[in-house]
Amino acid sequence: MDTFDALSARRSCRSFADAQVPAEVLDQVLGASLRAPSAGNAWALQLVVLDTVELVGRYWDTTLTAGPGRERFPWPGLLAAPILVIPSVDASAYSQRYAEPDKAQAGLGDELDAWPVPYWWVDAGAAVMAMLTAAAAVGLGSLLFGQFGHEESVSREFGLDPQRRSVGTVALGWPSGEPIRRSESSRRGRPLLADIVVRPGSAAPPA
């Protein structure tokens, strides 16, 4: 499967089969994150991999407490994902990197507020997209979802460095193939290429 086929195949999977993913396949997907850009080669990304029943169970017990709330959860097949990956970044690594002699002229090494664009988030997003594309290329289902109000409790549960911020959580596994309830967001569809491409100097698109 080439890159364009993998991108076309990628979907947000919310129902996973109860089957393990071989370690070499998982490493392929995780390794794709290393092909993403990193400003100044700061490489402040860390991937916390939960790949046992016990670890995955602890994640859901932390974020989706057993009881009526879990029973009403609209995508129970998501809880069957055998692997959860928590990508996190240390923003301070960027200011430290840009305080080094070869980058100091950029003026970004003093404090994080000096960065007009927080590239730790940009680079982390690129790394996650690389993993999602790689997952599609090997036939795995994947889903990036937010931790929202659970970020602190998840970090505490798994001993993450408090200086790090989690980008979200990526679920990985073989798709179950079972029909599931679609999210309301998926009904919005995707824009056309012509809707997002702007070529300055050309005729303005109709409003």
Over 13 Å from residue 169 (Cα atoms) and either at pLDDT below 95 or of a type in the set (A, V, I, L, M) (or both), is that true of residue 141?
no
Of the candidates 201, 149, 189, the one satisfying the condition of being surrounded by fewer than 16 Cβ atoms within 10 Å (Cβ to Cβ) and under 24 Å from residue 59 (Cβ atoms) is 149
From 11, 35, which residue is basic (Lys, Arg) and closer than 30 Å to residue 179 by Cβ?
11
Does residue 153 meet the test of being among the hydroxyl-bearing types (Ser, Thr, Tyr) and either under 24 Å from residue 18 (Cα atoms) or under 14 Å from the mean Cα position of the chain (by Cα) (or both)?
no
Hits in segment 44-58 (condition: in contact (Cβ under 8 Å) with a residue 40 or more places away in the chain and within 16 Å of the chain's Cα centre (by Cα))
44, 45, 46, 47, 48, 50
Scan segment 29-44 for residues that are part of a helix (DSSP H, G or I) and in contact with an Asp or Glu (Cβ under 9 Å, 6 or more places away or on another chain) and report the count.
2
Among the residues of segment 80-107, count how many are under 22 Å from residue 152 (Cβ atoms) and among the hydrophobic types (A, V, I, L, M, F, W, C).
6
Those residues of segment 108-128 which are among the charged types (D, E, K, R) and under 15 Å from the mean Cα position of the chain (by Cα), in sequence order:
123
Let me spell it out: the conditions are (1) free of Cβ contacts under 8 Å to residues at least 60 places away in the same chain; (2) within 27 Å of residue 25 (Cβ to Cβ); (3) basic (Lys, Arg), and residue 156 meets all of them except one. Which number is the exception?
(2)
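The values are calculated or read from the model by the stated rules, or taken from the named source; none is laboratory data. These numbers come from a predicted model, not from an experiment. For neighbour counting, all protein chains shown are included, and Cβ atoms are generated from backbone atoms with ideal geometry for every residue, glycine included.
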